[in-house]
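Colleague: This is the structure I have questions about; it appears just below.
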Amino acid sequence: MTYTVSELNDGKAWPNVSNYVASVLNRIANLLSTRQLSCPLYRGFGLPMRFLDKPMNVAIPIAVVEITEGLREWVPEATLSNVNFTHAPDNPGKMIPRVEVEINEVR
């Protein structure tokens with residue numbers, strides 16, 4: 001099953017999913033909204049944000065690579081299917097990543 005996650009999920013519960021799947025989806029939302037080096041004692045967590053202040057045609061491919069690498073390292077239970085971007089409702093200059101993932105459930 002494919003799930004869509006963005007930083008706007010911000011810890012909101014996903015209906016009709018197990019606790020395991022909800023915890024994985026929450027970790028993905030946290031990863032997308034966290035800048036690397038901003039978590040004390042957990043400095044590697046988050047995205048490096050090398051895409052900031054770049055033109056959209058340059059920023060988007062960099063962000064896709066950072067998201068792919070971040071998911072591979074920090075959320076190995078999820079398999080990335082797709083990444084797309086929307087604009088923030090209150091800030092049209094801010095891009096919001098939305099990832100589609102499949103969760104490798106533990107049995």
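The values are calculated or read from the model by the stated rules, or taken from the named source; none is laboratory data. All values derive from a computational prediction rather than experimental measurement. Neighbour counts run over all protein chains shown; Cβ positions are idealised from the backbone, glycine included.
Colleague: Could you tell me whether residue 52 is under 11 Å from the mean Cα position of the chain (by Cα) and at pLDDT below 95?
Modeller: No: the conditions fail for residue 52.
Colleague: What pairs can you find where one residue is in the stretch 47-61 and on the phi > 0 side of the Ramachandran plot and part of a loop (DSSP other than H, G, I, E, B), the other is surrounded by 13 or more Cβ atoms within 10 Å (Cβ to Cβ) and charged (D, E, K, R), and their Cβ atoms are less than 8 Å apart, with a gap of 6+ or different chains?
Modeller: Note: pairs meeting the criteria are 49/66.
Colleague: I'd like to verify a number: residues in the stretch 1-14 that are among the acidic types (Asp, Glu) and assigned to a helix (DSSP H, G or I), how many? Show your work before the answer.
Modeller: Just the residues of the stretch 1-14 that are among the acidic types (Asp, Glu), to begin with: 7, 10.
Of the ones still in play, those that are also assigned to a helix (DSSP H, G or I) are 7.
Residues in the stretch 1-14 being among the acidic types (Asp, Glu) and assigned to a helix (DSSP H, G or I): 1 in total.
Colleague: Every residue in the stretch 21-34 that is under 19 Å from residue 84 (Cβ atoms) and free of Cβ contacts under 8 Å to residues at least 40 places away in the same chain, please. Quick ask: steps written out before the conclusion?
Modeller: Restricting attention to the stretch 21-34, the residues satisfying the condition of being under 19 Å from residue 84 (Cβ atoms) are 25, 28-29, 31-33.
The answer is 29, 33.
Colleague: Got at least one residue in the stretch 7-20 being at pLDDT 85 or above and within 18 Å of residue 87 (Cα to Cα)?
Modeller: No - not one qualifying residue is present in the stretch 7-20.
Colleague: Working carefully through the options 37, 8, find the one that is touching a residue at least 24 places away in the same chain (Cβ under 8 Å) and surrounded by 13 or more Cβ atoms within 10 Å (Cβ to Cβ). Write out each step before concluding.
Modeller: Numbers: 37 fails: touching a residue at least 24 places away in the same chain (Cβ under 8 Å).
Testing whether each residue is touching a residue at least 24 places away in the same chain (Cβ under 8 Å) and surrounded by 13 or more Cβ atoms within 10 Å (Cβ to Cβ) leaves just 8.
Residue-by-condition table, conditions (1) exposed (fewer than 15 other Cβ atoms within 10 Å of the Cβ); (2) in a loop (DSSP other than H, G, I, E, B); (3) among the hydrophobic types (A, V, I, L, M, F, W, C):
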{"position": "16", "(1), (2), (3)": "yes, yes, no"}
{"position": "20", "(1), (2), (3)": "yes, no, no"}
{"position": "32", "(1), (2), (3)": "no, no, yes"}
{"position": "45", "(1), (2), (3)": "no, yes, yes"}
{"position": "70", "(1), (2), (3)": "no, no, no"}
{"position": "81", "(1), (2), (3)": "yes, no, no"}
